[in-house]
C-alpha cells in the first residue's frame, strides 16, 4: 500500500507539472544557417538565445528558408538539391527529400500547402506537398528547339496560388498558376533582358522585378496586368562607365521598399540605387562602402541596412531614409553574409561568418546588444516571414 501510494503521488506530481507547463508560441523563433557544418541553430529572438542545433541538412552553402503558416516548421532549400522540413519546436528534422542535383531557393504558396523549389540542375521548378514533402508537380524549364533546360532563379510566391520565376539561360520570366495542381498553367514572357540572375516581388504582391546580369537595367512584370507584358525599368543605369569586377551577385530579395521608393543594389557599382515606385524611374543613387549584396529596410521603413561583397565584406552601413545619408558604419568582422530584422524592427541580427558569431544591434541606439556563437553562420531567417509575400 505504501509503494502504491508513493507511485500515485509521483504520478499526481507529474500530471501537475505537466498541466503547469506552458506551451510555447512560435512567433519569435528563427533559424541561423551554419553553412559549413550543414546544421541549423533554432533561436529565440525575444530571449536572444539558441534553443537547439539541428544536424544532417546537407550542403547549406546557399541555403534559404520559408516558414509554415503556423510558424512551427521551417523549409530549408539546400544547394545540393535537398529540401528539409525542420520542426523548430522539437529542434529536429521532420522530413527531407533530395529533389535535384543543385538548387538555389524556393517559396511557399499563398495557402501554405505547396513548397516550390528552383533548380540549377536539372533546371526547372519542382513542387511538393508542405505536409509530407510528396511531389505534386514538375515544371521543366525547357526552351529552344533542342529541348535545353535553363537554370531557374528568382522564384517567389504570388497571390492566387501562383509562382513567378526567371530562366537565366533563356532570358525569360514564367508565371505558373497552381490552383489546380494536376494541371499547372504556365505563362511565359520571353526576351525580358540578358541573363536574369535574381528576382523579387513587392510586398503587396503586385510587381515582379528581375535583375539582369548581362546588361544594365531590370525587367518588371505587373501581376495585376500581365497582359501588359514585361517592361524595362532603370534601362541603362551606369551605361558608359567601366563596371567593377563582380565578386558576389546582389540579392534582390533583400532589397528595400521604404517611403514609396525602392532601394536596391547596383551590380558592379559602389552604389545603392533609388527608384520611385509609381513610375519605376531612378531618382537617385547613394555612394556606399563597397558593392552591395543585401539592401534591407527596417520594418517601419525609416532605415536601410547594407552589407557588401568581398573584399569589403567586413562592413555594414545604415542609411537614414528621409535624408538619404549614411548615419552609421559598423565593422563587425570579416564575412558579413546576412541580416535579419526582428518582427517589428527594434533589433537586427547580423551573421559574421569568419568570426563565428551573430551580432545583435539595437536599431535605435545603433549599439551592440548581444553576441551569440555560431559556426560559420550565413543566412538568418525569422518565422515572422511566414506572413509576408515573397519571403
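Kindly establish whether residue 248 is modelled with pLDDT of 90 or more and either assigned by TED's automatic domain parsing to the domain that holds residue 260 or farther than 18 Å from residue 261 by Cα (or both). Before the answer, list the steps.
On the way: modelled with pLDDT of 90 or more: no; either assigned by TED's automatic domain parsing to the domain that holds residue 260 or farther than 18 Å from residue 261 by Cα (or both): yes.
No: the conditions fail for residue 248.
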Do the conditions hold for residue 344, that is, is it under 16 Å from the mean Cα position of the chain (by Cα) and surrounded by fewer than 17 Cβ atoms within 10 Å (Cβ to Cβ)?
no
Residue count for the range 199-227, restricted to those that are in contact with a helix residue (DSSP H, G or I) (Cβ under 6 Å, 6 or more places away or on another chain) and surrounded by fewer than 24 Cβ atoms within 10 Å (Cβ to Cβ):
1
Working only within the range 357-384, note down all residues that are exposed (fewer than 15 other Cβ atoms within 10 Å of the Cβ) and either on the phi > 0 side of the Ramachandran plot or part of a helix (DSSP H, G or I) (or both).
366
Which fully enclosed strands (runs of 3 or more DSSP E) of the range 253-314 have 1 or more residues being within 23 Å of the chain's Cα centre (by Cα) and modelled with pLDDT of 90 or more?
261-265, 271-276, 292-297, 303-308
Unmet criterion (only one of (1) within 21 Å of the chain's Cα centre (by Cα); (2) more than 15 Å from residue 255 (Cα to Cα); (3) surrounded by fewer than 22 Cβ atoms within 10 Å (Cβ to Cβ)) for residue 337:
(2)
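The values are calculated or read from the model by the stated rules, or taken from the named source; none is laboratory data. Model, not experiment: these values are computed from the prediction. Glycine gets a Cβ as well: all are built from the backbone with ideal geometry, and neighbour counts include every protein chain shown.
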